[in-house]
Structures are given as structure tokens and as C-alpha cells.
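Beneath this line is the structure, given in C-alpha cells, with notes to follow.
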Amino acid sequence: MRSDVEYSPVGEGLGMRDFWLYVWLRRAAVIATHVTGLGLTLVLSLLSRPGTSLFSWHPMCMSVAYCLCMTEGILLFSAEGSPFCFKSWRSKVRLHWICQALVLIAAATGLWFIVASRNVSELPHLASWHSLLGVCTLTATVLQAACGIAVIFPKPLRLSCPSSRLKLYHATCGLVVYLFSTVTVMSAMFTDWFQATAKGVAWWAFLILPLFPALVVMRQITNAYLPRKKLTS
């Protein structure tokens, strides 16, 4: 008996009503992730009151980098709820690069402000878990950017690794960076600055909210690059 191997389609085994409910729930999750990322960026920027001190620019720059630009740079490849779903793949890749370049610029700017602030205040560097996690996130971001360059320019770099494997490595590194950034953002809620700014229910809401985009991004990347269950007939 001949056996054909194929990937199972999305929604296999679901009735039409359940299938469309599943599709709309996925779309709602992606849209909610857009709103959460933008909302976190705006609220953290307002709470930091940029311009009042050197430190005040640090939360704003980092939230723009990771809560907004990195989230949007990944979600633009989503088939559900992306404002760029009508764009070609090449256009999406170009927009992805723009978003990731903005991540690097904003993160580097935020790093400069926190270093300058602590130097002016004569405070020690890398004295908290948040700062250590931040260094890990920034390092992983730079490595991820290098991996992205390898995906775009494999021939000039004389890489022998297959393109599909490079893309898998790039996606995996991207997921690691996003999870690192999520943990770093959550650790910021335990700093003296944020605990003096938000209290009670608001503090718990800010602590939990970054987890939602992380789950949606993790699902998108794993569904796109991990092999689905195979069917045999």
C-alpha cells in the first residue's frame, strides 16, 4: 500500500463552526497583542516622564524597542490580525528589518541613558537582577541581528548551511530574545522606580500583561517553524 506523507492542515478534525471560532480567537489574540504592546509602551513612557532626568528616557526607549518594535516586527508575519497581511513576503521582510533596526537603535539609546544616569548618580552598574537580565537581552539581540544578516546574505558570507536551517536558527534565536526581553520587562516591575510609581492592582496588571504577547509570539514562531503532525494514508 502506497503511503503519502503530508502536513496536517490547520483546523484538521474541527467542524466548520468550531473552525471559524478557532480562527476568530487566533485573530482576536493577535489584535490584543498589538494593543497590549502599544499600551505598555505608552503607559511606561508616560510613567517615566521623559525629560525629567537622564533615567526617565531609559524606560521609554526600552519599551519602544521591545514592547513595540520587536513585537510588531514579529507579528507582521502573522496571517491573522496583521495590518500588513496584504503585503508581499519581500515587503514584510523589509519591514521586519526596519523594525529590528529600530529595536537596536532604541535599545542602544536606552542603554546609554541608564549608564549615563548611574554615572552621574555615582551608583554601581549591574547591581540588580533587572540589569543583569538586561545585559543578557541586549547581547542576545545583537546576536539575533547577526543571525538575521546571515539569513539575508548567506552567499557573500560564504555560509554552507542550508537556507531553511538558517531561517530556523534565526526564528529560534528570535524567540529566545523575545522571551529574554519579556522576563527583563517583568523584572523592571520589581525595581524601586516602578514600585514607587505603580501599586496594588495596577502593579499586578503590569506584571502579568507582558506574558500575553510572549505567548502569542511563541505560538506564532513554533507553528511556523516546527513540523506539524504528519498524516499517513
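Structure summary
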quantity: Residue list for region 136-161, filter: in a helix (DSSP H, G or I) and of a type in the set (A, V, I, L, M, F, W, C); calculated: Cys136, Leu138, Ala140, Val142, Leu143, Ala145, Ala146, Cys147, Ile149, Ala150, Val151, Ile152
quantity: Failed item, numbered, when Ala150 is tested on (1) in contact with a His (Cβ under 9 Å, 6 or more places away or on another chain); (2) closer than 25 Å to Met189 by Cα; calculated: (2)
quantity: Subset of region 153-187 (residues that are farther than 21 Å from Gln220 by Cα and surrounded by fewer than 15 Cβ atoms within 10 Å (Cβ to Cβ)); calculated: Phe153, Lys155, Pro156, Leu157, Arg158, Leu159, Ser160, Cys161, Pro162
quantity: Pick from region 50-96, criterion touching a Lys or Arg at 6+ places or on another chain (Cβ under 8 Å) and not aromatic (Phe, Trp, Tyr), ranking: modelled with the lowest pLDDT; calculated: Gly81
quantity: Which listed residue is on the phi < 0 side of the Ramachandran plot, outside any helix (DSSP H, G or I) and in contact (Cβ under 8 Å) with a residue 40 or more places away in the chain, from Phe180, Phe190, Phe212; calculated: Phe190
quantity: Evaluation of Ala127 against (1) open to solvent by 60 Å² or more (accessible area, probe 1.4 Å); (2) of a type in the set (Gly, Ala, Ser); (3) closer than 30 Å to Ile152 by Cβ (one fails), failing number; calculated: (3)
quantity: Any hit, region 158-170, residues being of a type in the set (A, V, I, L, M, F, W, C) and in contact with a Pro (Cβ under 7 Å, 6 or more places away or on another chain); calculated: yes
quantity: Every residue from region 188-202 that is over 15 Å from Gly39 (Cα atoms) and open to solvent by less than 80 Å² (accessible area, probe 1.4 Å); calculated: Ala188, Met189, Thr191, Trp193, Phe194, Gln195, Ala196, Thr197, Ala198, Gly200
quantity: Test result for Trp57, open to solvent by 50 Å² or more (accessible area, probe 1.4 Å), over 16 Å from the mean Cα position of the chain (by Cα), touching a residue at least 40 places away in the same chain (Cβ under 8 Å) and more than 18 Å from Ala224 (Cβ to Cβ); calculated: yes
quantity: Ser117 vs. criteria of a type in the set (Gly, Ala, Ser), out of contact with any strand residue (DSSP E or B) (no Cβ under 7 Å at 6 or more places or on another chain) and free of Cβ contacts under 8 Å to residues at least 60 places away in the same chain; calculated: no
quantity: Positions within region 31-54 being open to solvent by less than 50 Å² (accessible area, probe 1.4 Å) and either within 14 Å of the chain's Cα centre (by Cα) or more than 16 Å from Trp193 (Cα to Cα) (or both), in sequence order; calculated: Ala32, Thr33, His34, Thr36, Gly37, Gly39, Leu40, Thr41
quantity: Odd one out for Gly200 among (1) in contact with a Ser or Thr (Cβ under 7 Å, 6 or more places away or on another chain); (2) without any contact (Cβ under 8 Å) to a residue 24 or more places away in the chain; (3) of a type in the set (Gly, Ala, Ser); calculated: (1)
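The values are calculated or read from the model by the stated rules, or taken from the named source; none is laboratory data. Just so you know, these numbers come straight off a predicted model, no measurement behind them. Here Cβ is always computed from backbone atoms with ideal geometry, including for glycine, and neighbour counts include all displayed protein chains. When the accessible area is computed, the model is the full protein with side chains, heavy atoms only, and any ligands, DNA or RNA have been set aside. Shrake-Rupley method; radii C 1.70, N 1.55, O 1.52, S 1.80 Å.
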